[in-house]
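Visitor: Let me give you the structure first, and then I'll get to my questions.
The values are calculated or read from the model by the stated rules, or taken from the named source; none is laboratory data. Just so it is clear, the model here is predicted, and its values are computed rather than measured. Glycine gets a Cβ as well: all are built from the backbone with ideal geometry, and neighbour counts include every protein chain shown.
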Amino acid sequence: MVCFLYGKKFPNSYSSIISSGRFFINSNVLFLLSFINFLIFLLLDNLASTFSVIKSILTSKPKGVAVACCFDNEEIGSATKQGAGSSFLQAVLETLNEALGFTRADFHKACEKGMILSIDNAHTVHPAHPEKSDPINKVRMGEGVVIKHHQNYSTDGFSSALLKNLLSKNDVKFQDFYCNSDLSCGSTLGLISSCQLHMNALDVGISQLAMHSAIEMLNPADIQELEKCCKLFFECSFNCEN
């Protein structure tokens with residue numbers, strides 16, 4: 001086995017290796033095609049969302065308890081100890097609740113009043129296969145935050161209206177995604193966490209080309225819109241109690 005780390009070559013030594021895991025990734029660096037404003041890199045789905053969320057929570061001034069949670073293994077079903085299907089998020093929130101001196105009843109009440117913003121990139125209209133997209137509601141790069149609508153997503157009329165109102169008042173661009181009814185639709189972590197916590201939720205993202213390929217493409221202007229969306233979300237005081 002030959003390993004390369006930060007440009008250094010390590011000697012071949014099987015005797016010191018007890019076990020291993022193999023991961024093959026594209027080693028190309030991120031770059032920008034400025035003449036068409038395309039950001040090109042691997043794993044933009046979902047590094048773009050992770051970057052936006054972490055940057056936003058670090059610069060925001062929340063009115064309540066704001067949590068940024070980044071899960072692993074979303075593409076393989078989330079049923080791992082580090083995935084959204086685990087008890088990790090609920091355990092962390094319950095620990096915070098106890099540390100703040102609240103009861104378990106207070107925790108359930110807080111969840112009922114809270115909101116989850118599930119963020120995962122969306123498919124833009126593909127120039128070679130426009131028939132894959134909904135014929136009416138077409139998502140395009142550079143047009144801002146994508147709000148996703150489907151039974152596989154956590155978005156409903158209530159949560160969508162709350163976010164659209166917030167974004168409209170603060171001049172954040174957004175668009176709606178509806179899956180082509182003739183095709184199956186993907187899913188995200190939104191429904192999993194929403195069901196576990198009994199909390200209102202919605203799914204958003206930014207649009208991109210070549211999702212899950214070795215090289216993915218998106219418009220960097222959409223990342224800026226997503227950052228603004230996340231910061232507004234963290235700083236907004238939601239009371240979703242029915």
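Visitor: Name the single residue, out of those in the range 55-83 being within 22 Å of C229 (Cα to Cα) and aliphatic (A, V, I, L, M), that is nearest to the chain's Cα centre (by Cα).
Guide: Residue satisfying both the conditions and the ranking: A68.
Visitor: Turning to a different aspect of this structure: Answer yes if at least one residue in the range 194-209 is under 16 Å from L117 (Cβ atoms), of a type in the set (G, A, S), in contact with a strand residue (DSSP E or B) (Cβ under 6 Å, 6 or more places away or on another chain) and surrounded by fewer than 24 Cβ atoms within 10 Å (Cβ to Cβ), and no otherwise.
Guide: Yes; the residues of the range 194-209 include at least one that is under 16 Å from L117 (Cβ atoms), of a type in the set (G, A, S), in contact with a strand residue (DSSP E or B) (Cβ under 6 Å, 6 or more places away or on another chain) and surrounded by fewer than 24 Cβ atoms within 10 Å (Cβ to Cβ).
Visitor: Contact list please: Cβ distance under 6 Å, first residue in the range 154-171 and more than 22 Å from A84 (Cβ to Cβ), second residue assigned to a helix (DSSP H, G or I), pairs at least six apart or on different chains.
Guide: Within 6 Å, the pairs are L166/L232; N170/L232.
Visitor: Would you mind stating whether S168 is surrounded by fewer than 19 Cβ atoms within 10 Å (Cβ to Cβ) and farther than 20 Å from F238 by Cβ? Walk me through it before giving the result.
Guide: Details: surrounded by fewer than 19 Cβ atoms within 10 Å (Cβ to Cβ): yes; farther than 20 Å from F238 by Cβ: no.
The answer is no for S168.
Visitor: Within the range 195-229, take every residue that is of a type in the set (G, A, S) and at pLDDT 95 or above and give me the one that is nearest to the chain's Cα centre (by Cα).
Guide: To start, the set of residues in the range 195-229 that are of a type in the set (G, A, S) comprises 201, 205, 207, 210, 213-214, 221.
Still in the running and at pLDDT 95 or above: 201, 205, 207, 221.
Details: A201: 13, G205: 6, S207: 12, A221: 17 Å.
The qualifying residue nearest to the chain's Cα centre (by Cα) is G205.
Visitor: Here is a further query. Give S60, S78 a once-over and let me know the one that is under 16 Å from D120 (Cβ atoms), hydroxyl-bearing (S, T, Y), surrounded by 13 or more Cβ atoms within 10 Å (Cβ to Cβ) and out of contact with any Cys (no Cβ under 7 Å at 6 or more places or on another chain).
Guide: Details: S60 fails: under 16 Å from D120 (Cβ atoms).
Within the list S60, S78, the selection yields S78.
Visitor: Of all residues in the range 16-35 being more than 15 Å from E216 (Cβ to Cβ) and not polar (S, T, N, Q), which is surrounded by the most Cβ atoms within 10 Å (Cβ to Cβ)?
Guide: I17
Okay, residues lined up against (1) closer than 25 Å to F31 by Cβ; (2) in contact with a Phe, Trp or Tyr (Cβ under 7 Å, 6 or more places away or on another chain); (3) touching a residue at least 60 places away in the same chain (Cβ under 8 Å):
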site	(1), (2), (3)
F177	no, no, no
D182	no, no, no
L189	no, yes, yes
A201	no, no, yes
A210	yes, no, no
Q224	yes, no, no
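Visitor: Of all residues in the range 70-119, which are small (G, A, S) and within 22 Å of S237 (Cα to Cα)? Full working, then the answer.
Guide: Step one: of the range 70-119, the residues small (G, A, S) are 77-79, 83-87, 91, 99, 101, 105, 110, 114, 118.
Result: A99, G101, A105, A110, G114, S118.
Visitor: Any residue at all in the range 48-59 that is modelled with pLDDT under 80, within 26 Å of M211 (Cα to Cα) and not aliphatic (A, V, I, L, M)? Even if it seems obvious, please write down each step before you answer.
Guide: Going through the range 48-59, the residues modelled with pLDDT under 80 turn out to be none.
Taking every residue of the range 48-59 in turn, none turns out to be modelled with pLDDT under 80, within 26 Å of M211 (Cα to Cα) and not aliphatic (A, V, I, L, M).
Visitor: Here is a list of conditions, (1) of a type in the set (S, T, N, Q); (2) under 16 Å from the mean Cα position of the chain (by Cα); (3) modelled with pLDDT of 95 or more, and S187 meets all of them except one; can you say which number that is?
Guide: (3)
Visitor: Moving to a separate point now. Suppose the filter is touching a helix residue (DSSP H, G or I) at 6+ places or on another chain (Cβ under 7 Å) and surrounded by fewer than 16 Cβ atoms within 10 Å (Cβ to Cβ); does L189 pass it? Lay out the reasoning, then the answer.
Guide: Working: touching a helix residue (DSSP H, G or I) at 6+ places or on another chain (Cβ under 7 Å): yes; surrounded by fewer than 16 Cβ atoms within 10 Å (Cβ to Cβ): no.
So L189 fails the test.
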